[in-house]
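Undergrad: Okay, here's the structure, questions in a sec.
The values are calculated or read from the model by the stated rules, or taken from the named source; none is laboratory data. Not measured: the values here are computed from a predicted model. Cβ placement follows ideal geometry from the backbone for every residue including glycine, while neighbour counts extend to all protein chains displayed. The accessibility values were calculated without ligands, DNA or RNA, using every heavy atom of the protein model including side chains. Shrake-Rupley method; radii C 1.70, N 1.55, O 1.52, S 1.80 Å.
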Amino acid sequence: MNAGLEDVVAAQTVLSDVDGKNGRLIVRGVSLDDLVAKSTYEDVLGLLFDGFFAPSGALSGALGSARLAVFDHVATADQALIALPPVDGMRALLARLEDGDDLQSALRLVAAPAVFIPALLRFKAGQPALTPDPSLSHASDTLRMLTGDMPSQQQAAALDRYLVTVADHGLNASTFAARVVASTKAGLTSSVLAALSALKGPLHGGAPGPVLDMLDAAGSPEQAPAWIAAELARGERLMGFGHRVYRVRDPRADALKAAVRMLAAAGAIDPARLALAESLESTALAQLKAKKPDRPLDTNVEFYTALLLEALGFPREAFTGVFAMGRVGGWIAHAREQAETGRLIRPMSVYVGPQPQVAA
Ligand code: ACO
């Protein structure tokens, strides 16, 4: 058996295809390149939800209303909840949503991370939470609720591109967790809670915060090679590199690198930070290649996620929660797809423990 279930096919899906050999991602028949060029996050939600909920169609207005609806829960956050890491506080608030399986329940679950993460960050800073504005796009409203100011067109476009880029990605660990729970017919909130719990680990959606820690520790382009060499010599993993499925560059890394460069062109990223990241990336790739010539280890989605979210004003401890803002759409569509099969997921294990003593 493979402890990581690699090469095990555990679902049939119409939602997305991750081609790890060629570095391609398709979401419901649309390539990632086309998706980021032509779609907003609301469009991608419509694409993912199509056929899984009735009625489908334009979702922007309904998603705005859902942001307002879930905002009521923000007032229930007590000091103990606010003191939790943002993703854990958000998970605790999200657990209060009804465990339905209709479109309204789905949209509230999509709205929840976008409303709860900014609210919790503001509470931590001793500021009041800001009421959602349903007339804005999901990305613009999220940034406005975070900072209190209307974002620039470039900032809103950058967050929107991020949400589109991470909306769905095959049977990753969190999506699998969502499908396992959905197969028990537990409801969408339970599926999303399971997925969120899987996402927060550093081997999955918890990596982008540590990417910034790595940039800080490396210090400067001149110091980066020695720092990386020392990390690899100690057997540490470089965050933002390597992937279970991709054996070439993760196409999402390029989609986000382009967004980071757009922000840089608009003066919204510190050029020295970008120069350090680009230099660390090329040094890391060269050293990983030298250390593991037989195991292609390339840049993954988390590397440029870190730069992008930092430039948009999210603190690093909130990055996993922002990842959930995008991926929640995919989790819900997968949960619905799994529930429609009507089949409980229940694999087997191999017992390797002791046998009962046989009386002499
Ligand atoms: N840095 C250094 N070495 C690495 C890295 C890395 N980032 N990734 C893998 N390796 C090494 C492993 O140590 C292992 O070496 P060994 O054979 O000497 O033990 C070898 O490459 C193969 O690694 P596996 O563990 O088999 O690779 P796996 O498919 O399990 O790893 C994973 C995928 C978990 C993403 C890994 O590459 C990793 O830990 N990366 C860093 C964390 C990260 O960026 N996570 C985000 C992933 S993207 C996402 O989930 C959204």
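Undergrad: Which condition from (1) part of a helix (DSSP H, G or I); (2) open to solvent by 50 Å² or more (accessible area, probe 1.4 Å); (3) within 16 Å of A318 (Cβ to Cβ) is the one that Q127 breaks?
TA: With (1) part of a helix (DSSP H, G or I); (2) open to solvent by 50 Å² or more (accessible area, probe 1.4 Å); (3) within 16 Å of A318 (Cβ to Cβ) applied to Q127, the lone miss is (1).
Undergrad: Could you tell me how many of the residues in the range 4-17 are open to solvent by less than 100 Å² (accessible area, probe 1.4 Å), part of a loop (DSSP other than H, G, I, E, B) and within 14 Å of the ligand (Cβ to nearest atom)?
TA: The initial filter retains those residues of the range 4-17 that are open to solvent by less than 100 Å² (accessible area, probe 1.4 Å), namely 4-6, 8, 10-11, 13-17.
Now restrict to residues that are part of a loop (DSSP other than H, G, I, E, B): 4-6, 8, 10-11, 13-15.
Next, only the ones that are within 14 Å of the ligand (Cβ to nearest atom) stay: 4-6, 8.
Residues flagged as open to solvent by less than 100 Å² (accessible area, probe 1.4 Å), part of a loop (DSSP other than H, G, I, E, B) and within 14 Å of the ligand (Cβ to nearest atom) within the range 4-17 amount to 4.
Undergrad: Which residues, counting only those in the range 25-64, are open to solvent by less than 20 Å² (accessible area, probe 1.4 Å) and assigned to a loop (DSSP other than H, G, I, E, B)?
TA: F52, L59
Undergrad: Six or more apart or on different chains, Cβ atoms under 6 Å: show the pairs whose first residue is in the range 32-45 and over 14 Å from S16 (Cα atoms) and whose second is open to solvent by 20 Å² or more (accessible area, probe 1.4 Å).
TA: That search, which allows pairs on different chains as well, returns V36/R161; T40/D160; Y41/D160; E42/S60.
Undergrad: Right, another one. If I go through the range 276-288 residue by residue, how many of them are of a type in the set (G, A, S), more than 14 Å from the ligand (Cβ to nearest atom) and open to solvent by 50 Å² or more (accessible area, probe 1.4 Å)?
TA: 1
Undergrad: For the range 327-338: of the residues being over 18 Å from A95 (Cα atoms) and touching a Phe, Trp or Tyr at 6+ places or on another chain (Cβ under 9 Å), which is nearest to the ligand (Cβ to nearest atom)?
TA: As a first pass, look at the range 327-338 and keep what is over 18 Å from A95 (Cα atoms): 330, 333-334, 336-338.
Cutting the leftovers down to touching a Phe, Trp or Tyr at 6+ places or on another chain (Cβ under 9 Å) gives us 333-334, 336-337.
Working: A333: 17, H334: 15, R336: 22, E337: 20 Å.
Checking each candidate, the answer is H334.
Undergrad: Return the total of residues in the range 152-208 being open to solvent by less than 10 Å² (accessible area, probe 1.4 Å), part of a helix (DSSP H, G or I) and within 16 Å of the ligand (Cβ to nearest atom).
TA: Residues that pass the stated criteria total 11.
Undergrad: Then there is this: Six or more apart or on different chains, Cβ under 6 Å: which pairs go from a residue in the range 325-351 that's open to solvent by 50 Å² or more (accessible area, probe 1.4 Å) to one that's of a type outside the set (A, V, I, L, M, F, W, C)? Could you list them?
TA: Hits for this filter: L344/S183.
Undergrad: Here's something else I'd like to know. Would you pick out the residues in the range 85-104 that are assigned to a helix (DSSP H, G or I) and either aromatic (F, W, Y) or open to solvent by 20 Å² or more (accessible area, probe 1.4 Å) (or both)?
TA: Start the filter on the range 85-104 by keeping residues that are assigned to a helix (DSSP H, G or I), which leaves 86-94, 103-104.
Listed by number, the residues that qualify are D88, R91, A92, L103, Q104.
Undergrad: Something else about it: What are the residues in the range 214-247 that are buried (at least 22 other Cβ atoms within 10 Å of the Cβ), near the ligand (Cβ under 10 Å from one of its atoms) and among the small types (G, A, S), if any?
TA: Across the range 214-247, the qualifying residue is only G240.
Undergrad: Scanning the range 289-317 for residues that are of a type in the set (G, A, S) and surrounded by fewer than 24 Cβ atoms within 10 Å (Cβ to Cβ), which turns out nearest to the ligand (Cβ to nearest atom)? Outline the logic, then answer.
TA: Step one: of the range 289-317, the residues of a type in the set (G, A, S) are 290, 306, 311, 313.
From what is left, the residues that are surrounded by fewer than 24 Cβ atoms within 10 Å (Cβ to Cβ) are 290, 311, 313.
Values: A290: 12, A311: 19, G313: 22 Å.
Applying the filter and picking the extreme gives A290.
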